[in-house]
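The values are calculated or read from the model by the stated rules, or taken from the named source; none is laboratory data. As the structure is a prediction and not an experimental result, all values here were calculated from the model. Reconstructed Cβ throughout: ideal geometry from the backbone, glycine too, with neighbour counts over all protein chains shown. We work out accessible area using only protein heavy atoms, side chains counted, and drop any ligands, DNA or RNA first. Shrake-Rupley method; radii C 1.70, N 1.55, O 1.52, S 1.80 Å.
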There are 2 protein chains.
Amino acid sequence: MTRRLLLATRNPKKLAELRRILAAGVGSADLDIVGLDDVPPYQEAPETGATFADNALLKARAAARHTGLPAVADDSGLTVDALGGMPGVLSARWAGRSRDDDANLRLVLDQVADVPDDRRGAAFVCAAALVTPDGTEQVVEERLAGVLTRNPRGTGGFGYDPIFQPHGDTRTTAEMSPAEKDAISHRGRAFRALAPHIAAALQDSGTGPGC
Amino acid sequence: MTRRLLLATRNPKKLAELRRILAAGVGSADLDIVGLDDVPPYQEAPETGATFADNALLKARAAARHTGLPAVADDSGLTVDALGGMPGVLSARWAGRSRDDDANLRLVLDQVADVPDDRRGAAFVCAAALVTPDGTEQVVEERLAGVLTRNPRGTGGFGYDPIFQPHGDTRTTAEMSPAEKDAISHRGRAFRALAPHIAAALQDSGTGPGC
C-alpha cells in the first residue's frame, strides 16, 4: 500500500529538497510525500516560537492534527554572530513580511557591511520535527557553520544560500549542486537524522492500529 | 576663558539633546559645546566596534586626536530581546545604510509583528565616552528598560522613540517632553554620570599643562 507523509510547507523549493533527502533516507517505494498545497486547507500554526525547534513542532503538530497523516515540518534559518544570532527564527521575513529572499539577504549584507572578516561567522540551522497522529513527537536540530560573503554568489538553492560559505569550502551553498548541498547542509543532516523515525512511523501507520 | 568641548556627532537632534544635558551637569558659563560640523574635517572613525562602549571610545579618541579638544562621543541604540539584542550597535542603519529613522523603526515593528506581548522586552542603551588630548579616557554605559509598542506613537525625540515605552509609563519616549525624556533616558543618565569627569577635564584644559 502507498505510505503518505505530509511535509508541512508551501515552499516548492523546500518541498523538492526534502523529497530528495527523504526518498534517499526513508526509501521511495510506495512513498507519497505531499505538501500543504496537496491537502485540504486548515488553520496553520503561526510561527511565533522563540526557537527553531518550537516552530518546527508547532507546524508539525497542527499538520498532523488536521490531516490525520504523519507530518514533518522544519524551521530553518541563518544565525549571524554579528547580528546576535539573528535573523534566526525571523529569517524568512527579515526585511519585512512582504519581502523576498533577495531583499532578505541584501538587508543582511547591508547590516554587516562594516563588520570585519574575523567577525562574519554565521550558521545555517535546521530543526526538523515529526509528529504522528497518535501524538508521538521527534525533533532534531543540526547546523552548518561558515561565514558571510561580501556579495551574493551562485544561483542554486534558495534563501540565504548566495551569501553563505561553509567552513572548508570556497563556494557558497548557492554554487553547489543540489546533491553536494544535501550532503553537508543543516537540512540534509536534520532530515537524515529524522529519517529512521519517519520510516518507523510510516510502518506503524501502514499496518494500522491493532494489527 | 571659554572652555571648548567637542561632541563627536553630526546629528543635530543628538547635539541639542547633549547640549541640554551637559549644560545642566557641567555648567553652561563660558562653555562652548561644538559638533563635528564646527571643526575642520578629519577622517572619522568607522563604527565597527562590537559594543556600544567600543564605538563610543573609537569616536571620542579620533575626535580628540584630530582636534586637540576634549572630546565626548556616545554610541546608543535599541536592544530588542526578540531580536537577540539587535539592532544594538547597528541601530542607526538597521534597514540599510541609506535608510532613515522611520524605515528603521518600521522594520523592527515588522520583524517582531508576531512576537507576543510577553516577549516584547527592549532597552535603550547609551555608552558615553570622554577622551582628553592627553589620553585620559572614561566610558560609562546606562540603559532604560521597556517594551516595544505595536505602532509608532508621538513626534518627540528621534530614532526609535516612537515605538519604545519605558517600564512604568504608558507613553512612548516620543510622547514625552525633552525634559521628561532627559530625566529618565539612557543618554541622560550616561551623560550625567560622565559630567563630573567632563568638568574636571575642562578645568585641566582651561589651566593648561604646567600652570
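Pull out all pairs, ordered by first then second residue, where Cβ-Cβ is under 6 Å, the residues are six or more apart or on different chains, the first lies in segment A:14-42 and is closer than 18 Å to A:A179 by Cβ, and the second is among the acidic types (D, E) and part of a helix (DSSP H, G or I). Close Cβ pairs satisfying both conditions: A:I21/A:D182. Every condition in (1) closer than 24 Å to A:D102 by Cβ; (2) in a loop (DSSP other than H, G, I, E, B) holds for A:G135 except the one numbered (1). Considering segment A:81-131 alone, what residues qualify as being of a type in the set (V, I, T) and in contact (Cβ under 8 Å) with a residue 60 or more places away in the chain? Across segment A:81-131, the qualifying residues are A:V125, A:V131. Out of A:A174, A:A122, A:A201, I need the residue that is within 19 Å of the chain's Cα centre (by Cα) and closer than 30 Å to A:S28 by Cα. Which one? Within the list A:A174, A:A122, A:A201, the selection yields A:A174.
Among the residues of segment B:121-136, those identified as surrounded by fewer than 18 Cβ atoms within 10 Å (Cβ to Cβ) and either in contact with a Gly (Cβ under 6 Å, 6 or more places away or on another chain) or within 20 Å of B:H186 (Cβ to Cβ) (or both) are B:G121, B:P133.
Per-residue answers, yes or no, for (1) in a helix (DSSP H, G or I); (2) at pLDDT 90 or above; (3) surrounded by fewer than 20 Cβ atoms within 10 Å (Cβ to Cβ):
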position: B:G146; (1), (2), (3): no, yes, no
position: B:R150; (1), (2), (3): no, yes, yes
position: B:G154; (1), (2), (3): no, yes, yes
position: B:G159; (1), (2), (3): no, yes, no
position: B:P162; (1), (2), (3): yes, yes, no
position: B:G168; (1), (2), (3): no, yes, yes
position: B:R171; (1), (2), (3): no, yes, yes
position: B:E180; (1), (2), (3): yes, yes, yes
position: B:A193; (1), (2), (3): yes, yes, yes
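Within segment A:39-86, the set of residues being touching an Asp or Glu at 6+ places or on another chain (Cβ under 9 Å) and among the charged types (D, E, K, R) comprises A:E47, A:D54, A:K59, A:R61, A:D75.
Can you find a residue in segment A:95-113 that is surrounded by 19 or more Cβ atoms within 10 Å (Cβ to Cβ), in a strand (DSSP E or B), β-branched (V, I, T) and modelled with pLDDT of 95 or more? So far as segment A:95-113 goes, no, none of its residues is surrounded by 19 or more Cβ atoms within 10 Å (Cβ to Cβ), in a strand (DSSP E or B), β-branched (V, I, T) and modelled with pLDDT of 95 or more.
Within segment A:53-80, which residues are under 14 Å from A:T132 (Cβ atoms) and either polar (S, T, N, Q) or not in a loop (DSSP other than H, G, I, E, B) (or both)? If the condition is that a residue be under 14 Å from A:T132 (Cβ atoms) and either polar (S, T, N, Q) or not in a loop (DSSP other than H, G, I, E, B) (or both), then A:L57, A:A60, A:R61, A:A62, A:A63, A:A64, A:R65, A:H66, A:T67, A:A71, A:V72, A:A73 are the ones that fit. Could you say whether any residue in segment B:58-80 is open to solvent by 20 Å² or more (accessible area, probe 1.4 Å), of a type in the set (D, E), within 27 Å of B:F164 (Cβ to Cβ) and touching a residue at least 40 places away in the same chain (Cβ under 8 Å)? Looking through segment B:58-80, none of the residues is open to solvent by 20 Å² or more (accessible area, probe 1.4 Å), of a type in the set (D, E), within 27 Å of B:F164 (Cβ to Cβ) and touching a residue at least 40 places away in the same chain (Cβ under 8 Å). Can you report the number of residues in segment B:88-105 which are facing another protein chain (nearest Cβ under 8 Å) and not aromatic (F, W, Y)? Qualifying residue count for the region: 6.
Name the single residue that is farthest from the chain's Cα centre (by Cα) among those in segment A:17-38 being at pLDDT below 75 and not in a helix (DSSP H, G or I). Here the answer is A:A29. When segment B:1-26 is limited to residues that are over 23 Å from B:P41 (Cβ atoms) and among the aliphatic types (A, V, I, L, M), the one that is surrounded by the fewest Cβ atoms within 10 Å (Cβ to Cβ) turns out to be B:M1.
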